[in-house]
């Protein structure tokens, strides 16, 4: 074996080791990204009246809606949570920010639902209503004071 062929063999071996290292890094990073642990916890509905607020709990045992088991498993692809229940399929999308993690229900799309992870309720207006609520209040004040 000559010096040149030994150098080529060593270079190829180093290249293959680097390729294997980067491939495994990408694979394990992706596996962590799609792990359901990122959505585990209690999710509280935003914008619903206090007496009708829904609480969605996702954990290793399954999916609970208002402390009742609705499914023993769910799928998470890093962006969406899919839950299959006896009444059909529900799809929730990760929304919000790192400081205000939220879920938005995509399917069924009516009525619309948004959830905030427990512990972050102070980052959103839990009563909801937004502009429509303020418009109604302004109209009520305007016509109520005359």
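The values are calculated or read from the model by the stated rules, or taken from the named source; none is laboratory data. Quick caveat, the model's predicted, so the values are computed rather than measured. All Cβ positions, even for glycine, are placed from backbone atoms using ideal geometry, and neighbour counts span all protein chains on display.
Based on this model, can you work out whether residue 48 counts as under 21 Å from residue 121 (Cα atoms), out of contact with any strand residue (DSSP E or B) (no Cβ under 8 Å at 6 or more places or on another chain) and either part of a helix (DSSP H, G or I) or assigned by TED's automatic domain parsing to the domain that holds residue 96 (or both)? It would help to see each step written out before you state the result.
Details: under 21 Å from residue 121 (Cα atoms): yes; out of contact with any strand residue (DSSP E or B) (no Cβ under 8 Å at 6 or more places or on another chain): yes; either part of a helix (DSSP H, G or I) or assigned by TED's automatic domain parsing to the domain that holds residue 96 (or both): yes.
Here the answer is yes, as residue 48 does meet what is asked.
Working only within region 34-54, note down all residues that are modelled with pLDDT under 90 and either within 13 Å of the chain's Cα centre (by Cα) or surrounded by 12 or more Cβ atoms within 10 Å (Cβ to Cβ) (or both).
34, 35, 36, 37, 38, 47, 48
Across region 67-78, what is the total count of residues that are in contact with a strand residue (DSSP E or B) (Cβ under 8 Å, 6 or more places away or on another chain) and exposed (fewer than 11 other Cβ atoms within 10 Å of the Cβ)?
Going through region 67-78 one residue at a time, the tally reaches 2.
Taking region 79-106 as the region of interest, how many residues are surrounded by 12 or more Cβ atoms within 10 Å (Cβ to Cβ) and closer than 24 Å to residue 120 by Cα?
Residues that pass the stated criteria total 18.
Given the conditions (1) out of contact with any strand residue (DSSP E or B) (no Cβ under 7 Å at 6 or more places or on another chain); (2) without any contact (Cβ under 8 Å) to a residue 40 or more places away in the chain, and given that residue 35 satisfies all but one, which numbered condition is not satisfied?
Here residue 35 meets the rest and fails (2).
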